[in-house]
1. Test residue 61 against the stated conditions and say whether it is under 27 Å from residue 144 (Cβ atoms), within 12 Å of the chain's Cα centre (by Cα) and crowded, with 17+ Cβ neighbours inside 10 Å.
2. Looking only at the stretch 138-153, filter to residues that are of a type in the set (A, V, I, L, M, F, W, C) and within 18 Å of residue 94 (Cα to Cα); which one of those is surrounded by the fewest Cβ atoms within 10 Å (Cβ to Cβ)?
3. For residue 153, all conditions in the list (1) over 21 Å from residue 32 (Cβ atoms); (2) out of contact with any helix residue (DSSP H, G or I) (no Cβ under 9 Å at 6 or more places or on another chain); (3) touching a residue at least 24 places away in the same chain (Cβ under 8 Å) hold save one; what is the number of the exception?
4. Does any residue of the stretch 17-30 turn out to be open to solvent by less than 20 Å² (accessible area, probe 1.4 Å) and among the small types (Gly, Ala, Ser)?
5. Among the residues of the stretch 138-153, which ones are of a type in the set (D, E, K, R) and either part of a strand (DSSP E or B) or within 20 Å of residue 27 (Cβ to Cβ) (or both)?
6. Based on this model, can you work out whether residue 75 counts as over 17 Å from residue 150 (Cβ atoms) and at pLDDT 95 or above?
7. Give me the residue from the stretch 72-85 that is charged (D, E, K, R) and part of a helix (DSSP H, G or I) and, out of that set, farthest from the chain's Cα centre (by Cα).
8. Within the stretch 97-137, restricting attention to residues that are free of Cβ contacts under 8 Å to residues at least 24 places away in the same chain and outside any helix (DSSP H, G or I), which residue is surrounded by the most Cβ atoms within 10 Å (Cβ to Cβ)?
Amino acid sequence: MSGEAQPALRPMVVADVDDVHALECSVFPHPWSRANFMDSLASGYDAWVLREPEGALAGYFLLMYALDEAHLLDVAVAARRQGHGLGRYLLDRIAARARAERMASILLEVRPSNMRALDVYRRYGYAEIGRRKGYYPAHEGRREDAIVMRYML
């Protein structure tokens, strides 16, 4: 990230959910519902927001921990901020959070059609370890596979 005033990362709270859901809807064709975010907070998942100095939401992520593996449930960067290093910055913070929780790896699922995210994950060091058939909803009632990726910490 470059520039003068940098966005600040802080834990997500209920007051963030409307902005998080709006960002989610703006960047994903099949977004999580507002209730999904509320449930994640209620479940105690490790959820963070990245806010610009003036308050605009630049990105967020949610992690779940199970045994020695973190599961990256959702991560997004606002369209206006994509291509400026914020994705890598969030992946760095995700890895730091998982290390702090003594996780051995981070697991995620991504759509094969999400070429931009696949490229970011691969360049970061995530490796494809499998596929989940029909994991995601797609257009016209169809389903899309998920590529399962792992990052070793």
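The values are calculated or read from the model by the stated rules, or taken from the named source; none is laboratory data. Worth saying up front: this structure is predicted, and the values here are computed from it rather than measured. Every residue, glycine among them, receives a Cβ derived from its backbone with ideal geometry; neighbour counts consider all protein chains shown. Heads up: the accessible areas ignore ligands, DNA and RNA and are worked out on the full protein's heavy atoms, side chains in. Shrake-Rupley method; radii C 1.70, N 1.55, O 1.52, S 1.80 Å.
1. Numbers: under 27 Å from residue 144 (Cβ atoms): yes; within 12 Å of the chain's Cα centre (by Cα): yes; crowded, with 17+ Cβ neighbours inside 10 Å: yes.
So residue 61 passes the test.
2. At the first step, the residues of the stretch 138-153 found to be of a type in the set (A, V, I, L, M, F, W, C) are 138, 146-149, 152-153.
Still in the list and also within 18 Å of residue 94 (Cα to Cα): 148-149, 152-153.
Values: 148: 17, 149: 22, 152: 9, 153: 15.
Step by step, filter the stretch 138-153, then rank; the result is 152.
3. (2)
4. Checking the stretch 17-30: not a single residue is open to solvent by less than 20 Å² (accessible area, probe 1.4 Å) and among the small types (Gly, Ala, Ser).
5. 143, 144, 145, 150
6. no
7. Initial filter on the stretch 72-85 (charged (D, E, K, R)): 74, 80-81.
After this cut, where a residue has to be part of a helix (DSSP H, G or I) as well, the list is 80-81.
Details: 80: 16, 81: 15 Å.
The selected residue is 80.
8. 114
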